[in-house]
Amino acid sequence: MKKTKRILSIALIMAMLLLAFVPKITALAAPASPISSVRIGNGYMEDNCLKVRVIVVGSGTAMGYLNDVRVRMESSTISGNTYTFVFNCGYKAPGTYTFRYVGRSTVRPWNTVIEEKAVRAY
């Protein structure tokens, strides 16, 4: 019986010491906001590749398609709640193509945003 009390006392003291040195969490981060707007810029040529810039307000996944073929995201930047994505569509002959952006909100996966725009390679 004395041995059990001693073990419990030591465990209690260790728990109190541990809690005394663990930093306290005073606030939790706010959840990311859902995608609320998408703006597809005009396509532009760089290094013989067609590139499309997309500006998105809100956070989520980002996928780009050119004439229903998925294209690679080359870069992304964030400023506050605004994301700028650049999609590299590869070498394209001069002409008009359909670029489609599909974004799914991180915190509200049922909130899927699809935008399309005709872009020109020149």
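Residues that are more than 16 Å from A121 (Cα to Cα), touching a residue at least 24 places away in the same chain (Cβ under 8 Å) and not in a strand (DSSP E or B) were ranked within region 34-80; the one that is most open to solvent (accessible area, probe 1.4 Å) is D68.
Could you please find all residues in region 89-99 being surrounded by fewer than 18 Cβ atoms within 10 Å (Cβ to Cβ) and more than 15 Å from R39 (Cα to Cα)?
G90, Y91, A93, P94, G95, T96
A Cβ distance below 6 Å, combined with a sequence gap of six or more or placement on separate chains, defines the contacts here; from region 108-122, residues that are in contact (Cβ under 8 Å) with a residue 12 or more places away in the chain and closer than 11 Å to I40 by Cβ reach residues that are open to solvent by 70 Å² or more (accessible area, probe 1.4 Å) and of a type outside the set (A, V, I, L, M) in the pairs A118/T96.
Assess whether G80 counts as being modelled with pLDDT of 85 or more, under 15 Å from I114 (Cα atoms) and within 14 Å of the chain's Cα centre (by Cα). No, not satisfied.
The values are calculated or read from the model by the stated rules, or taken from the named source; none is laboratory data. If you're wondering where the values come from, they're calculated on a predicted model, not measured in any experiment. Positions of Cβ are generated from backbone atoms using ideal geometry, with glycine treated the same way; all protein chains shown enter the neighbour counts. Remember, those area values only see protein heavy atoms, side chains included, never the ligands or the DNA or RNA. Shrake-Rupley method; radii C 1.70, N 1.55, O 1.52, S 1.80 Å.
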